[in-house]
């Protein structure tokens, strides 16, 4: 499951720090969130897809690690990302 170009550009406009940014924590968190939403919808229609469920759990774990890192380094940006993505912090 990959994101479409439209989904990536939507995330890009909102969270990238500069034009060539692909590694900032807030950008990666936003991409993981979009992928997670897509996988959750997929798993609602395909509940027996165990491989995708495992991938989903890995993405949630990685996003959690990135959020923890962002919170420890820059709490203002962390709060903005949480608010924009409607996540619990």
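The values are calculated or read from the model by the stated rules, or taken from the named source; none is laboratory data. Since this is a predicted model, take the numbers as computed values, not measurements. Quick reminder, even Gly has a Cβ in these numbers, built from the backbone with ideal geometry, and neighbours come from all protein chains shown.
For the range 1-18, a tally of residues being touching a helix residue (DSSP H, G or I) at 6+ places or on another chain (Cβ under 9 Å) and either over 18 Å from residue 41 (Cβ atoms) or in a helix (DSSP H, G or I) (or both) returns 9.
Of the residues in the range 52-74, not one is surrounded by 13 or more Cβ atoms within 10 Å (Cβ to Cβ), in contact (Cβ under 8 Å) with a residue 60 or more places away in the chain and more than 12 Å from the chain's Cα centre (by Cα). Scanning the range 41-54 for residues that are in contact with a helix residue (DSSP H, G or I) (Cβ under 7 Å, 6 or more places away or on another chain) and in a helix (DSSP H, G or I) returns 42, 43, 52, 53.
The requirement of being modelled with pLDDT under 95, under 11 Å from residue 32 (Cβ atoms) and in a loop (DSSP other than H, G, I, E, B) is fulfilled somewhere in the range 81-88, by at least one residue. Taken together, 15, 32 contain a single residue that is crowded, with 17+ Cβ neighbours inside 10 Å and touching a residue at least 60 places away in the same chain (Cβ under 8 Å), which is 15.
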